[in-house]
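These notes concern the structure reproduced below.
What follows is calculated from the coordinates using simple rules that are stated; it is not laboratory data. The shown structure was predicted, so the numbers you read here are calculated from the model rather than taken from an experiment. Cβ atoms come from the backbone with ideal geometry, glycine included; neighbour counts cover every protein chain shown.
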Amino acid sequence: STAVGVHDEL
Amino acid sequence: MNIFRFLGDMTHLISILILLLKIYATKSCSGISLKTQELYALVFLARYLDLFTDFISVYNSVMKVVFIASSLAIVWCMRRHRVVRRSYDKELDTFRHYFLVAACLALALLVQEKFTFLEVLWAFSIYLEAVAILPQLVLLQRSGNVDNLTGQYVFFLGAYRAFYILNWIYRYFTETHFSRWISCVSGLVQTALYADFFYYYFISWKNNSKLQLPA
């Protein structure tokens with residue numbers, strides 16, 4: 001899951 | 001991280017290596033748009049400020065540093081290197097890239113996930129990356145003939161975008177809370193810009209001929 005504001009991509 | 005995301009990152013890395021190889025081996029940057037390279041440097045600097053605030057993984061951090069360093073090195077070579085800068089097609093590279101920067105900044109101030117400094121810069125970098133290839137495509141169109149390495153460079157950049165779209169489709173179906181429409185819409189726009197180039201790249205590959213774009 002990805003929270004808003006966390007950018008795990010490049 | 002899924003295989004599509006990884007292949008996307010790798011094709012992105014390969015595209016940059018091809019460009020560095022072209023500049024290093026031929027001591028020439030003909031056919032390469034300095035404006036596009038400046039936009040990419042700006043994209044990476046704006047987006048990867050989170051190097052100092054968020055840690056995702058060693059892989060992410062290393063890649064971020066590599067992208068920032070390589071994009072700055074390319075801009076430096078094209079502007080300052082004694083030999084390389086002579087081959088820059090300045091008169092063909094006339095795209096008004098400042099308008100792109102201004103438009104993307106305005107859009108980022110209006111549309112972002114959260115109105116904070118880092119989030120506005122992040123959205124700005126996503127929008128700017130989507131259109132940063134435009135000066136390069138215009139330059140190729142104007143010069144008509146595309147040398148081998150420049151063609152490969154743009155091809156791998158386009159492949160990177162295509163893999164990222166597959167990555168989002170994969171994540172959409174495998175993750176419960178995956179929603180990032182800013183990246184996805186911008187990514188689709190960015191990939192669509194390559195459609196025309198891909199078409200001619202495919203034609204030249206099929207006919208085993210030199211890549212030529214119609215005037």
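Looking only at the stretch B:107-116, decide whether some residue is within 13 Å of chain A (Cβ to nearest Cβ) and closer than 30 Å to B:Y24 by Cβ. Among the residues of the stretch B:107-116, not one is within 13 Å of chain A (Cβ to nearest Cβ) and closer than 30 Å to B:Y24 by Cβ, which makes the answer no.
Being over 17 Å from the mean Cα position of the chain (by Cα), over 22 Å from B:T26 (Cα atoms), surrounded by 12 or more Cβ atoms within 10 Å (Cβ to Cβ) and away from chain A (no Cβ under 14 Å): is that true of B:S143 here? It is false that B:S143 is over 17 Å from the mean Cα position of the chain (by Cα), over 22 Å from B:T26 (Cα atoms), surrounded by 12 or more Cβ atoms within 10 Å (Cβ to Cβ) and away from chain A (no Cβ under 14 Å). Of the residues that make up the stretch B:164-187, is at least one closer than 23 Å to B:Q212 by Cβ and either of a type in the set (D, E) or more than 14 Å from chain A (Cβ to nearest Cβ) (or both)? Checked against the condition, which is being closer than 23 Å to B:Q212 by Cβ and either of a type in the set (D, E) or more than 14 Å from chain A (Cβ to nearest Cβ) (or both), the stretch B:164-187 yields no hits at all. Residue selection: B:D54 satisfies the criterion of being farther than 23 Å from B:F163 by Cα, in a loop (DSSP other than H, G, I, E, B) and not small (G, A, S). Would you pick out the residues in the stretch B:39-91 that are away from chain A (no Cβ under 14 Å), in contact (Cβ under 8 Å) with a residue 40 or more places away in the chain and surrounded by 18 or more Cβ atoms within 10 Å (Cβ to Cβ)? Listed by number, the residues that qualify are B:L39, B:L42, B:I74, B:C77, B:M78, B:V84, B:Y88.
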